Amino acid sequence: MNAGKLDASALLSRVFPYTGNKREEVILRSAIGEDSAAIALDEWCCVFSSDPITGAVSDSGWLAVHVSCNDVASNGAEPVGVMLTILMPEKATDEDVEKIMQSADRAAKELGIEIFGGHTEFTGGLVQPILCATAVGKVKKGDLVTSSGARPGDDIVLTKGAGIEGTAILATDYEHYLQNVIPSDLLQNAKNFMQWISVVQEGLLAAKFGASAMHDVTEGGVLGALFEVAEASGVGIEVNKDCIPLFSETKAICDVVGIDPLKLISSGAMLITIQNGKNLVGKLQAKGIKAAVIGKVVAGNRKVLLDGEQMVEINKPESDELWRAKKIIEGK
């Protein structure tokens, strides 16, 4: 099997049929394109989301906390805390565990949340740590946003740009390789992209101003997130490739390695559908968050990327380009 998320068809046939009894308190449950679950508690919802960190080594505790909180913010929920599971290789030390916790603590303090539980152990067969963070957030029941709410006529807004997390991971973990082929200033800037990972601020702001659907852009990149929102919402999409923000650092690394930045893991970017995209972009930019309208939601189920004169079909996500980049670099 290729590294990366289980594909949609396997989820539908081999995972989703085995989810126990349906509970009436659960108002958001497992579905293609949905990264969170929500339980109704009177007028409030409690939103949960779990995310593993497996493809990045540096600052993994910080990253685990932020990416899991990004998911609950995609539902318009304010993060409250996380539970953190840490699986360490047998060769690791107690000091290695402490470094991860110090990193996670820094992220929690940045977000104003608590790490209120979890599990830590040394596990045979691992070559690097595996972390899984479960974030918990709260939102008023009527303000819950999902990935399935996109409506024909909505604008599609993308914050920051494509490939943010993948750019930072590759620049950090493969600096020894890239420093010989990319200008030092671009490489240093790319390493600093990790500071943009959080989408909590834009998620809460977009929810406040009427977002119909939101999805943080993770494995599968921008194209994967677009496909998942369209599938979850039962709509089509038309996206202009030239309108998708792409930082020069991301383009440089992707060109050198030979991967597609639009299919590269992009935590730090939020995909938002909303009636007046330009208005939202203005509000985001007023908060210092780069954003752009990249396309429209349309009726039907056609998902296309307009690339100059060509119309390219957007297909279901395959293995993220980060995994392919690792194989390419480590094979050289």
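The values are calculated or read from the model by the stated rules, or taken from the named source; none is laboratory data. Just so we're clear, the structure is a prediction, and the values are computed from it rather than from any experiment. Quick reminder, even Gly has a Cβ in these numbers, built from the backbone with ideal geometry, and neighbours come from all protein chains shown. Note: accessible area is taken over every heavy atom of the protein model, side chains too, but ligands, DNA and RNA are not part of it. Shrake-Rupley method; radii C 1.70, N 1.55, O 1.52, S 1.80 Å.
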Legend entry - Percent RCO, i.e. relative contact order, over the chain, from Cα pairs under 8 Å lying at least 6 residues apart: 22 percent
Legend entry - Under 18 Å from Lys140, Cα to Cα: lysines that are on another chain or at least 8 residues apart: Lys208
Inset, instruction - Springs between alpha-carbon atoms under 10 Å, Gaussian network over the chain: tell me which of Asn315, Asn180, Asn240 tops the mean-square fluctuations. - result: Asn180
Inset, instruction - Report Rg (one decimal) and Dmax (nearest whole number) for segment 198-313, counting Cα atoms only, units Å. - result: 14.0, 40
Legend entry - Quarter of Cα convex hull surface for segment 53-200, i.e. mean projection, nm²: 11.4 nm²
Inset, instruction - Enter the accessible area per residue of segment 152-292 (Å², integer; probe 1.4 Å; all protein chains in place). - result: 35 Å²
Inset, instruction - Would you mind getting me the FRET efficiency between Arg302 and Asp242? Use the beta-carbon distance for r and R0 = 22 Å, nearest 0.05. - result: 0.70
Inset, instruction - Please report, in debye to the nearest 20, how large the charge dipole of segment 186-332 is about its Cα centre when each Lys and Arg carries +1 at its beta carbon and each Asp and Glu carries -1 there. - result: 400 debye
Inset, instruction - Two decimals is fine: what's Rg over Rh for the chain, C-alpha atoms, Kirkwood radius as Rh? - result: 0.95
Inset, instruction - Considering only Arg106, Arg14, Arg29, give the residue with the highest GNM mean-square fluctuation for the chain, with springs between Cα atoms whenever their separation is below 10 Å. - result: Arg14
Inset, instruction - Past 25 Å, Cα to Cα, is the threshold; run Lys5/Lys141; Lys296/Lys327; Lys109/Lys278; Lys160/Lys241; Lys5/Lys91; Lys160/Lys296 against it and keep the listed order. - result: Lys5/Lys141; Lys296/Lys327; Lys109/Lys278; Lys5/Lys91
Inset, instruction - Give the accessible area for His176 in Å² (nearest 10); use a 1.4 Å probe, count only protein heavy atoms, and leave out ligands, DNA and RNA. - result: 120 Å²
Legend entry - Pair Met311, Ala10: separation of 7 Å Cα→Cβ label points (nm): 3.2 nm
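I need the calculated FRET efficiency for the pair Lys99 and Gln179, taking r as the beta carbon distance and R₀ as 22 Å, to the nearest 0.05.
It comes to 0.35.
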Legend entry - Which of Asn180, Ile32, Ile328, positive extreme of dipole for the chain (C-beta unit charges): Ile32
Inset, instruction - First compute the accessible area of the chain with a 1.4 Å probe, then give the percent of it belonging to carbon and sulfur atoms. - result: 50 percent
Inset, instruction - Calculate for the chain the 222 nm mean residue ellipticity that helices alone would give, adding -39,500 (n - 2.57) per DSSP H run of length 4 or more and normalising by residue count, nearest 500 deg cm²/dmol. - result: -9500 deg cm²/dmol
Legend entry - segment 277-325 versus segment 32-55: alpha-carbon centroid distance in Å: 23 Å
Inset, instruction - Using every pair of alpha-carbon atoms in segment 22-120, split the distances into 5 Å bins beginning at 0 and state the percent of pairs per bin, rounded to integers. - result: 3, 12, 22, 22, 17, 12, 7, 4, 1, 0
Legend entry - Electrostatic dipole magnitude of the chain [Cβ: Lys, Arg +1; Asp, Glu -1; Cα centre; debye, to 20]: 720 debye
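Per residue, what accessible area does segment 19-104 have, given a 1.4 Å probe and all protein chains present, in Å²?
On the way: 3920 Å² over 86 residues.
Ligands and nucleic acids excluded, the result is 46 Å² per residue.
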Inset, instruction - Would you mind telling me which residue in Val15, Val97, Val139 has the biggest mean-square fluctuation in a Gaussian network model of the chain, where springs connect alpha carbons within a distance under 10 angstrom? - result: Val15
Inset, instruction - Place a +1 charge on the Cβ of each Lys and Arg in segment 121-168 and a -1 charge on the Cβ of each Asp and Glu, then give the dipole magnitude about the Cα centre in debye, rounded to the nearest 20. - result: 240 debye
